[in-house]
Amino acid sequence: MDKFIIHGGKKLKGTVKIGGAKNAALPILAATLLAPGTHRLHNMPRLRDITTMTCMLEHLGCQVTGDGTLEVRADHLNFDEAPYDMVKTMRASVLVMGPLVARVRHARISLPGGCAIGARPINLHLKAMQALGADIHLKEGYAEVVASRLKGAEIHFDIVTVTGTANAMMAAAVADGTTVITNAACEPEIVDLALFLNAMGAEIEGAGSERVVIRGVPQLKPAEHTIVADRIEAGTFMMAAAITGGDVTLENAPAEFLQTAMARLEETGVRFEHTEHGLRVIGPETITSANVTTEPHPGFATDLQAQFTALMAIARGTSSITETIFENRFMHIPELARMGADISVDGGTATVRGVDKLAGAPVMATDLRASASLVLAGLAAEGTTEIDRIYHIDRGYERIEERLAALGADIQRVTREP
Ligand code: EPU
């Protein structure tokens, strides 16, 4: 198992290029199952979760080649099952449900079970498939989803669900008639999926708003698409610049999707400049506290909450951080406390009383964004921080230690025998 060793206290300076969005790439890879032929996907990040999804596509019968640009050939599907071993590695594997039901009328999807950040059921995905005419049987830990015919429907999501909206859009794309999704997720990754589906010949309008209208078409064709830039990676680098009092320019940062996070960062003293090279992020000498509440897009993203908590740990003043999307997304807090942070949690709200300095310590990553917050804390801390279980960070950030080191951070990956 690898770990990071960080000697904190270096101000980050320079330019970093933001890659393609993991959470756009995953549903788009799943969507290739919808049409035979060869799809070409550019700006594909090199991440563990992407490899997990390409393995899933290969398991189902696709051929996947390339690096950076992936070609997916989805001519023949041999299987219709997302097995437990794959789903337990990555919950987003359930994204193959909509495309499989649409293409082969049958899918057997392992139920994911809980995870580090919450219970995360898929009841709303199943409800959407039912609305589109599928029969669902839960058996031996799997959901069997069968639909001799998919028909357009009105689907209202009681809770905003990102991958649930994606699954419904993919199945509805080839249903008979029109589907209207209300209380749909408005995330930019949903817009990117709609762009890809429309390039495949789908007729989707309203993606990015709470009401998405999908006029079903008889069939889709292969398409070419460039994955949208990763707003969460960009937000994480913004906070890395902020926490070290650095000056970092982000190439390809999708600032338009980060308005809420940037507004909160400006409250903390961060300055932004749009330059010809990209978005310049200038960290303050002293960070000022600010409050955040996570919300579906365009609110403050839950995927940036842990990183913002690390920033607030060394802010002047007290901040209140409320998590409304997941019930257990504060696993980074006891680890930050080991580094000297003063944080108490009451239900869904963390009260962070800023301290002058964090101190390096051995800590453990518990999930992807929690690991990112520990890296940020380590960059700002005095002394040495060792972060264990960093396989979590490799799921969603490409070579993060190399990119941080290129900005001046003192960070090393140490590979240990298991
Ligand atoms: N929910 C249900 N039932 C469902 C689906 C969701 O109760 O059938 C609940 C969840 O338990 C949660 C809330 O609805 O409380 C929102 O969950 P959502 O379905 O939107 O999450 P997701 O689609 O599983 C995606 C991202 C997550 C990100 C969330 C929220 C992907 C592959 N994953 O997950 O990304 O945190 O949306 O924005 O797109 C990450 O990248 O670190 C990550 C966890």
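The values are calculated or read from the model by the stated rules, or taken from the named source; none is laboratory data. Predicted model, so just to flag it, every value in this text is computed and none were measured. In this analysis, Cβ positions are derived from the backbone assuming ideal geometry, glycine residues included, and neighbour counts consider all displayed protein chains. The protein model used for the area step is the full one, side chains on, heavy atoms only, and it has no ligands, DNA or RNA in it. Shrake-Rupley method; radii C 1.70, N 1.55, O 1.52, S 1.80 Å.
Some points to look at:
- Matching residues in region 200-227 - criterion: being in contact with a strand residue (DSSP E or B) (Cβ under 8 Å, 6 or more places away or on another chain), open to solvent by 40 Å² or more (accessible area, probe 1.4 Å) and more than 16 Å from the ligand (Cβ to nearest atom): E203, E205, R211, R215, P222, E224, T226
Residue-wise test of (1) touching a helix residue (DSSP H, G or I) at 6+ places or on another chain (Cβ under 8 Å); (2) within 21 Å of V16 (Cα to Cα); (3) assigned to a strand (DSSP E or B).
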{"position": "V213", "(1), (2), (3)": "no, no, yes"}
{"position": "H225", "(1), (2), (3)": "yes, no, yes"}
{"position": "I232", "(1), (2), (3)": "yes, yes, no"}
{"position": "A242", "(1), (2), (3)": "yes, yes, no"}
{"position": "H274", "(1), (2), (3)": "yes, yes, yes"}
{"position": "E285", "(1), (2), (3)": "no, no, no"}
{"position": "A290", "(1), (2), (3)": "yes, no, no"}
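- Test for V375: is it within 16 Å of the ligand (Cβ to nearest atom) and outside any loop (DSSP other than H, G, I, E, B): yes
- Being over 19 Å from the mean Cα position of the chain (by Cα) and without any contact (Cβ under 8 Å) to a residue 60 or more places away in the chain is a description that does not apply to T294.
- Against the conditions (1) within 13 Å of the ligand (Cβ to nearest atom); (2) farther than 22 Å from E327 by Cα; (3) in a helix (DSSP H, G or I), V101 satisfies every one except (1).
- Cβ-Cβ under 6 Å pairs, at least 6 apart or on other chains, region 228-242 side away from the ligand (no atom under 13 Å from the Cβ), far side of a type in the set (V, I, T) and at pLDDT 95 or above: A229/I18; A234/I18; F237/V16; M238/V281; A241/V248; A241/V281; A242/V270
- Cβ-Cβ under 9 Å pairs, at least 6 apart or on other chains, region 392-418 side under 18 Å from M1 (Cα atoms), far side open to solvent by 70 Å² or more (accessible area, probe 1.4 Å) and polar (S, T, N, Q): E401/Q412
- Unique match (being farther than 21 Å from T89 by Cβ and within 14 Å of the ligand (Cβ to nearest atom)) among T351, T294: T294
- Filtered residue count, region 134-157, keeping only those that are closer than 11 Å to A102 by Cα and more than 16 Å from the ligand (Cβ to nearest atom): 6
- Residue within region 350-372 that is more than 26 Å from the chain's Cα centre (by Cα), at pLDDT 95 or above and crowded, with 24+ Cβ neighbours inside 10 Å present: yes
- Taking the criterion of being over 26 Å from M90 (Cα atoms) and surrounded by 24 or more Cβ atoms within 10 Å (Cβ to Cβ), the residues of region 378-403 that qualify are G378, L379, A380, A381, T385.
- The listed residues are G114, G98, and the only one of them that is within 21 Å of L197 (Cα to Cα) and out of contact with any His (no Cβ under 6 Å at 6 or more places or on another chain) turns out to be G98.
- Residue list for region 47-70, restricted to those being surrounded by fewer than 16 Cβ atoms within 10 Å (Cβ to Cβ) and closer than 20 Å to D367 by Cβ: T51
- Within region 95-113, at least one residue is open to solvent by 10 Å² or more (accessible area, probe 1.4 Å), modelled with pLDDT under 95, within 22 Å of the chain's Cα centre (by Cα) and not small (G, A, S).
- Hey, P222 touching a His at 6+ places or on another chain (Cβ under 7 Å) and not small (G, A, S) or not: yes
- Test for N183: is it within 15 Å of the ligand (Cβ to nearest atom) and either acidic (D, E) or open to solvent by 10 Å² or more (accessible area, probe 1.4 Å) (or both): yes
- Only one of the numbered conditions (1) away from the ligand (no atom under 16 Å from the Cβ); (2) surrounded by fewer than 21 Cβ atoms within 10 Å (Cβ to Cβ) is violated by A173, and that is (2).
- Any hit, region 120-135, residues being assigned to a helix (DSSP H, G or I), in contact with an Asp or Glu (Cβ under 6 Å, 6 or more places away or on another chain) and surrounded by 15 or more Cβ atoms within 10 Å (Cβ to Cβ): no
- Considering region 301-336, the residues that are touching a helix residue (DSSP H, G or I) at 6+ places or on another chain (Cβ under 7 Å) and of a type in the set (D, E) include one that is farthest from the ligand (Cβ to nearest atom), namely E335.
- Close Cβ contacts (under 6 Å, 6 or more residues apart or on different chains) running from residues in region 139-153 that are more than 15 Å from N167 (Cβ to Cβ) to residues that are of a type in the set (A, V, I, L, M) and exposed (fewer than 11 other Cβ atoms within 10 Å of the Cβ) are absent.
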